[in-house]
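> Have a look at this one before I ask anything.
The values are calculated or read from the model by the stated rules, or taken from the named source; none is laboratory data. Because the structure is a prediction, the values reported are computed rather than measured. FYI the Cβ positions are ideal-geometry reconstructions off the backbone, even for glycines, and counts take in every protein chain you see. For the accessible areas, the whole protein counts, side chains as well, though only heavy atoms, and no ligand, DNA or RNA atoms are used. Shrake-Rupley method; radii C 1.70, N 1.55, O 1.52, S 1.80 Å.
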Number of protein chains: 4
Amino acid sequence: MPEQAADVSEQAPGVDERAASAHRQGPVRSEAARVAVLEATSKLFAERGYERLTMEGVAAEAGVSKQTIYRWWPSKGALVSDCLLQGQLFPNRFTVPNSGELRHDLTAWLSAILALLGQPQGELLVRSLIAASVENADIGRRLHESLGASRSLTERFEIAIADGQLAADARLEEIGEAIVGALLLRALSRTESSDDSIQRLLDAVLGPAQAKG
Amino acid sequence: MPEQAADVSEQAPGVDERAASAHRQGPVRSEAARVAVLEATSKLFAERGYERLTMEGVAAEAGVSKQTIYRWWPSKGALVSDCLLQGQLFPNRFTVPNSGELRHDLTAWLSAILALLGQPQGELLVRSLIAASVENADIGRRLHESLGASRSLTERFEIAIADGQLAADARLEEIGEAIVGALLLRALSRTESSDDSIQRLLDAVLGPAQAKG
Amino acid sequence: MPEQAADVSEQAPGVDERAASAHRQGPVRSEAARVAVLEATSKLFAERGYERLTMEGVAAEAGVSKQTIYRWWPSKGALVSDCLLQGQLFPNRFTVPNSGELRHDLTAWLSAILALLGQPQGELLVRSLIAASVENADIGRRLHESLGASRSLTERFEIAIADGQLAADARLEEIGEAIVGALLLRALSRTESSDDSIQRLLDAVLGPAQAKG
Amino acid sequence: MPEQAADVSEQAPGVDERAASAHRQGPVRSEAARVAVLEATSKLFAERGYERLTMEGVAAEAGVSKQTIYRWWPSKGALVSDCLLQGQLFPNRFTVPNSGELRHDLTAWLSAILALLGQPQGELLVRSLIAASVENADIGRRLHESLGASRSLTERFEIAIADGQLAADARLEEIGEAIVGALLLRALSRTESSDDSIQRLLDAVLGPAQAKG
DNA sequence: AGCTAATCGAGACGGTACGTCGGGTCTTAGA
DNA sequence: TCTAAGACCCGACGTACCGTCTCGATTAGCT
């Protein structure tokens with residue numbers, strides 16, 4: 001991935017740094033190996049979750065030696081984090097639609113997330129991401145950015161303010177955190193989120209649904 | 001877990017079941033061992049977190065054999081979960097004060113939680129609980145109960161409704177989840193919660209602070 | 001091997017020490033595992049030699065976990081040494097025959113040793129023992145005892161002195177060392193020992209063959 | 001080893017072969033690199049012994065790439081063997097002095113060898129050479145030549161025969177082998193050779209010291 | 001001067017084995 | 001019958017070297 005490497009300032013481990021580095025003798029990092037490792041990680045993460053993902057499994061799946069993994073990623077957390085950054089584990093950001101009606105859009109957005117959480121491997125994925133966040137600060141930060149404080153969500157809120165559907169002084173970031181945080185809490189406690197409970201959650205953070213008939 | 005566990009519906013693993021059981025031959029479960037295990041677990045959990053807590057460490061610290069632990073608790077997760085239930089890891093419920101002013105009381109309550117999160121070992125503790133929740137559904141459920149959906153919080157909300165400080169149709173449970181979920185998300189991403197951000201969070205779920213001035 | 005353990009003073013690692021130890025709770029070392037490990041070691045040593053013998057191979061062959069090996073033997077050298085002591089690698093002592101004629105007996109004895117050295121796996125065995133001796137002092141000592149300074153050889157010399165076939169002040173131990181050392185040197189340099197060269201070696205240490213015709 | 005090695009019968013790997021080669025384009029083997037590798041090998045061999053000598057260590061110490069080593073020497077054994085041949089590891093041959101009295105000269109010669117064996121790093125050196133001989137036939141052969149069957153020793157014996165100090169039919173080569181072999185055997189078993197034991201060894205192979213008083 | 005071919009350093013690569021750690025099960029002896 | 005002690009199998013960890021390979025830079029003879 002030569003092209004986008006340059007414009008990303010905070011590079012995760014495992015990201016190609018050739019462009020930035022001065023000329024150096026010798027062979028260059030094998031792109032094939034890098035990609036194979038990331039793909040193997042994604043695959044095994046999806047299959048087994050974070051805890052049961054093993055470096056040896058990744059190495060075997062990728063057809064790569066363990067040492068090659070450890071050469072570029074210092075730990076399992078860093079590897080998974082890098083995978084996440086590349087959008088290989090998790091849709092990089094769920095885009096919030098814009099139909100003109102905020103509440104409707106948020107419901108659609110949450111439904112998409114819940115559709116993921118609803119399937120067994122989706123729940124595993126999310127819980128695994130949480131586990132990974134616990135071990136690795138980077139992953140946590142990215143999870144936060146991908147969901148709670150995502151640009152997509154904030155932008156939708158800004159439109160809503162312009163529309164008058166949201167108060168001008170609404171706490172955009174905190175509303176996002178509250179919604180996503182509640183979902184995470186439910187994921188942790190294996191509490192299912194029914195459609196009703198989603199509506200109630202939106203009631204809580206947006207105020208009660210108005211003019212419902 | 002021994003045979004008499006089956007007929008006891010609500011008991012967590014590790015809870016002393018002597019009272020419930022009928023007459024039986026042989027020595028009875030050693031209370032000293034049970035307590036020693038729980039205390040050792042608390043201590044080591046606080047020191048090292050969930051991941052780096054080892055059953056061997058617990059056994060050694062408690063002066064107990066590993067088998068004695070496994071006889072009564074089926075797994076590490078169950079042991080930690082039990083500890084949590086006993087309130088040995090985590091203040092069982094942060095009681096929400098009642099001064100008459102809801103927002104003030106929630107601020108105080110959140111401050112208490114944040115005081116815990118602020119110290120380094122408090123953060124470790126919370127993240128470890130999250131990690132434990134990932135592995136063990138019971139722990140997740142209890143974490144949920146202790147915090148988001150805690151009786152203490154709900155009761156305080158009910159008082160607020162009676163007082164007129166909260167709308168009668170407010171989504172009590174969801175408000176709690178939203179608040180705690182947001183904190184959890186921040187804990188995962190190592191984002192500090194300033195006093196300001198707490199206020200903004202309360203703004204988001206309770207509506208903006210009224211008549212401030 | 002309970003019976004002979006008691007009378008061996010200098011116990012090697014891996015030797016059963018139950019008799020000597022005080023009463024202790026808990027399970028006792030698994031005899032089956034011990035034997036399986038030693039047999040696997042012998043087999044693999046014979047097949048692959050010392051250098052290419054691996055602990056993982058031994059564990060797999062013995063159907064034992066690596067940890068069980070490391071629990072009882074601190075290193076590969078110690079394990080092989082123990083095997084040697086048990087006579088599992090190498091006939092514990094080549095007994096020197098006694099036909100009345102010393103030179104004839106020594107020739108027979110050397111022939112037996114050379115027969116072993118002559119076959120490819122015999123050479124490997126001996127060179128591997130040498131390699132093992134380099135790494136592990138115990139093995140060296142036992143190799144020395146089994147061959148150069150072996151009781152069997154010394155006893156045969158003593159008979160020869162009584163018979164008048166050897167001078168009363170002959171340096172028994174050194175003669176043994178000289179013979180075995182010469183063989184060793186040849187093994188190291190891959191020099192074959194012809195029958196002739198054996199005779200010349202005996203000439204060198206016993207004096208020239210008398211009255212040959 | 002490059003292609004022109006085939007036509008050179010006696011050359012060891014790593015020996016400079018420029019003179020023998022035909023016209024060829026491109027740069028020629030770097031003498032500096034060759035010398036640096038050999039010196040690094042000597043140094044590390046002395047410090048750590050054969051087993052713990054690593055090619056990577058040699059490359060680093062010599063300031064040379066691994067490939068440069070492997071280009072010229074096919075294996076660790078070959079490299080060490082070459083070092084030995086150059087007399088960099090081991091005095092190429094301990095010359096046997098000639099004072100007119102054979103036994104006296106051999107004692108002096110053995111003392112020199114024992115002086116080396118007596119010091120800890122000398123023992124390591126010898127044991128390492130033995131280990132290297134096990135792995136590499138060339139090294140074994142050279143060890144044999146340098147010591148047991150050394151020209152210097154045989155020549156001294158021939159003088160002794162001329163002097164009448166040794167029987168005309170004495171087995172010169174075997175006597176050398178016996179002496180040196182006994183020393184090796186002792187080195188392997190970590191048995192110290194006292195002055196006395198040296199004399200007894202000479203008694204064994206030369207016949208008892210005559211007219212000692 | 002340019003071309004060609006082999007050198008050199010650096011070091012990435014797939015492997016194998018190391019020795020350690022921890023999980024959860026099983027066995028024994030004593031209370 | 002329960003307990004403490006701890007041996008057992010299993011699987012994963014992260015490290016060390018192996019010997020091969022691939023680069024870019026350099027160098028020396030040949031055209």
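> Over segment C:21-96, with every protein chain in place, what whole percent of the accessible area is carbon and sulfur at 1.4 Å, could you tell me?
Of all accessible area on segment C:21-96, carbon and sulfur atoms account for 52 percent.
> Just which residues of segment C:167-189 lose 40 Å² or more accessible area with every protein chain there, against their chain alone, with the probe set to 1.4 Å?
C:R171, C:E174, C:E177, C:A178, C:L184, C:L185, C:R186, C:L188, C:S189
> Still on this structure, please answer the following. Over segment D:102-206, with the other protein chains present, what is the accessible area per residue in square angstrom, probe 1.4 angstrom?
36
> Threshold 10 Å², probe 1.4 Å: give the residues of segment B:132-151, in number order, that are less accessible with all protein chains present than with their chain alone.
Those are B:S133, B:V134, B:E135, B:A137, B:G140, B:R141, B:L143, B:H144, which lose 10 Å² or more relative to the chain on its own.
> Separate question: How big is the C-alpha Rg of segment A:96-139 next to the rule-of-thumb value 2.2 N^0.38 Å, as a ratio?
This ratio for segment A:96-139 stands at 1.48.
> From Cα pairs below 8 angstrom and at least 6 apart in sequence, can you work out the relative contact order of segment A:102-206, rounded to a whole percent?
Relative CO of segment A:102-206 lands at 29 percent.
> Another one. What relative contact order, as a whole-number percentage, does segment B:71-130 give when Cα pairs under 8 Å and 6 or more residues apart are counted?
Dividing the mean separation by the residue count of segment B:71-130 yields 16 percent.
> At q = 0.12, 0.14, 0.23 Å⁻¹, what base-10 log of I(q)/I(0) does the Debye formula yield for segment D:18-122 when every alpha carbon is treated as an equal point scatterer in vacuo?
These q points yield log10 I(q)/I(0) values of -0.55, -0.67, -1.20.
> Right, something else. Between segment B:117-161 and segment C:26-97, what is the C-alpha centre distance in whole Å?
Centre-to-centre distance over Cα atoms comes out at 54 Å.
> Here is a follow-up. Dividing the alpha-carbon radius of gyration of segment D:102-206 by 2.2 N^0.38 Å (N being the number of residues), what value is obtained?
1.08
> Since chains B and D are linked by a rotation, which residue in B has the beta carbon closest to its axis, and how far is it in Å?
With distances in whole Å, chain B gives B:R52, 17.
> List, shortest first and in nm to one decimal, how far the label point of A:I159 (7 Å from Cα along Cα→Cβ) is from its counterparts in the other copies.
4.3, 10.5, 10.6
> Quick one: label points 7 angstrom along Cα→Cβ at D:E145, distances to the other copies in nm, smallest first?
3.9, 6.7, 8.5
> A further question on this structure: Leaving out ligands, DNA and RNA, calculate the buried accessible area for the pair B and A with a 1.4 Å probe, summed over both sides, in Å² to the nearest 100.
3100
> Cβ under 11 Å from A:G140's Cβ, A:G140 left aside: what net charge do those residues give with Lys, Arg +1 and Asp, Glu -1?
That sum, taken over residues with Cβ under 11 Å, equals +2.
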